[in-house]
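The values are calculated or read from the model by the stated rules, or taken from the named source; none is laboratory data. All values reported here derive from a predicted model rather than from experimental measurement. When we count neighbours, we look across all protein chains shown, and the Cβ atoms used for this are built from the backbone with ideal geometry, even at glycine. Please note that ligands, DNA and RNA were not included when accessible areas were found on the heavy atoms of the full protein model with its side chains. Shrake-Rupley method; radii C 1.70, N 1.55, O 1.52, S 1.80 Å.
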Amino acid sequence: MNNQKPVNQRGYIDSVVNLAESEATYYLYAPIDDYAYDGVVTAKEFADWLNGLDSSIKTINIRINSPGGSVFAARAIEQHIREITDRTVNTYIDGVAASAATYVALAGHNIYIAEGAFMMIHKANSVAIGNSEDLIKAAAMLEAIDSSLVKT
């Protein structure tokens, strides 16, 4: 039985649950952000989808084709994946896992990348406006993010 259902308010199907095979697939085919607007995946949407899975689902597949986005939203998604201990999580890079989407890809128990697909990892970046103190604080924040990312 193949039971497809939408998991977000925008109405497009971005997950497939195959109850016969105890498997669920999430298509992260969009930018990642903290704020819900058309065409993005939020950490809350992902968490709601994960929490809504039936206990019979033993394998979670996350298919990725994303340019990345918010480092904090992606880190939250990554953390949700890392906390899964009673199921197998497979991540598949179908096109690109760029920037913040790489944390999601690397959180899987098993990681697969299609021939011709790409990963793109870089140091954190931002835009800062203000005086010298504001810019120093922004630089310190970017260094803190970089340090956190290197650890994981």
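Spatially, the range 102-126 and the range 34-80 are offset by 15 Å when compared through their Cα centroids. When each full DSSP H helix of the chain is screened for a Cα extent of at least 20 Å along its own axis and an average Kyte-Doolittle hydropathy of at least 0.0, the helices passing are 132-151.
Summing +1 for each Lys or Arg and -1 for each Asp or Glu among the other residues whose beta-carbon sits under 12 angstrom from that of Lys58 gives -3.
Considering only beta bridges that DSSP places wholly inside the range 17-151, some 10 percent are antiparallel.
Qualifying GluC sites (Glu not before Pro) in the range 63-131, where qualification requires a DSSP coil assignment and no more than 16 other C-beta atoms within 10 Å, comprise Glu83, Glu115.
Electrostatic tally near Arg75: other residues with Cβ closer than 14 Å to its Cβ, Lys and Arg +1, Asp and Glu -1, net -2. I'm spelling it out carefully: the read-out is P(r) over Cα pairs in 10 Å bins from 0, in percent, the candidates are [x] 11, 44, 36, 8, 0; [y] 11, 39, 33, 12, 4, 1, 0; [z] 10, 39, 37, 11, 1, and one was derived from this structure. Which label? Recomputing P(r) over Cα pairs in 10 Å bins from 0, in percent here gives the entry labelled [y]. Summed over the residues of the chain and divided among them, the accessible surface reaches 56 Å² per residue at a probe radius of 1.4 Å. From its DSSP helices (H runs of at least four residues, each -39,500 (n - 2.57)), the chain gives a residue-normalised ellipticity at 222 nm of -9500 deg cm²/dmol. The count of lysine pairs in the chain whose Cα atoms are under 21 Å apart, excluding pairs fewer than 8 places apart on the same chain, comes to 4. The phi torsions of the range 27-41, fed into the Karplus equation with coefficients 6.51, -1.76 and 1.60 and a -60° offset, translate into couplings of 9, 8, 10, 6, x, 10, 8, 7, 10, 6, 8, 3, x, 10, 10 Hz, rounded to whole numbers, with Gly and Pro shown as x.
Assuming charge only on the beta carbon of Lys and Arg (+1) and of Asp and Glu (-1), the dipole of the chain about its Cα centre is about 140 debye to the nearest 20. The residue list Tyr27, Ser66, Tyr112 was ranked by how far each Cα lies along the charge dipole of the chain toward its positive end, using unit charges on Cβ atoms, and Tyr112 comes out on top. Near Val41, the amide H atoms lying under 5 Å from its own belong to Ile32, Asp33; only residues 5 or more places off or on other chains count, and H is placed 1.01 Å from N. Each Cα pair under 8 Å and six or more residues apart adds its separation to the average, and for the range 87-152 the resulting relative contact order is 29 percent.
The mean sequence distance of close C-alpha pairs (under 8 Å, at least 6 residues apart), as a share of the length of the chain, puts its relative contact order at 16 percent. Within the listed set Asn131, Asn51, Asn65, the residue fluctuating most in the Gaussian network model of the chain (springs between alpha-carbon atoms under 10 angstrom) is Asn131.
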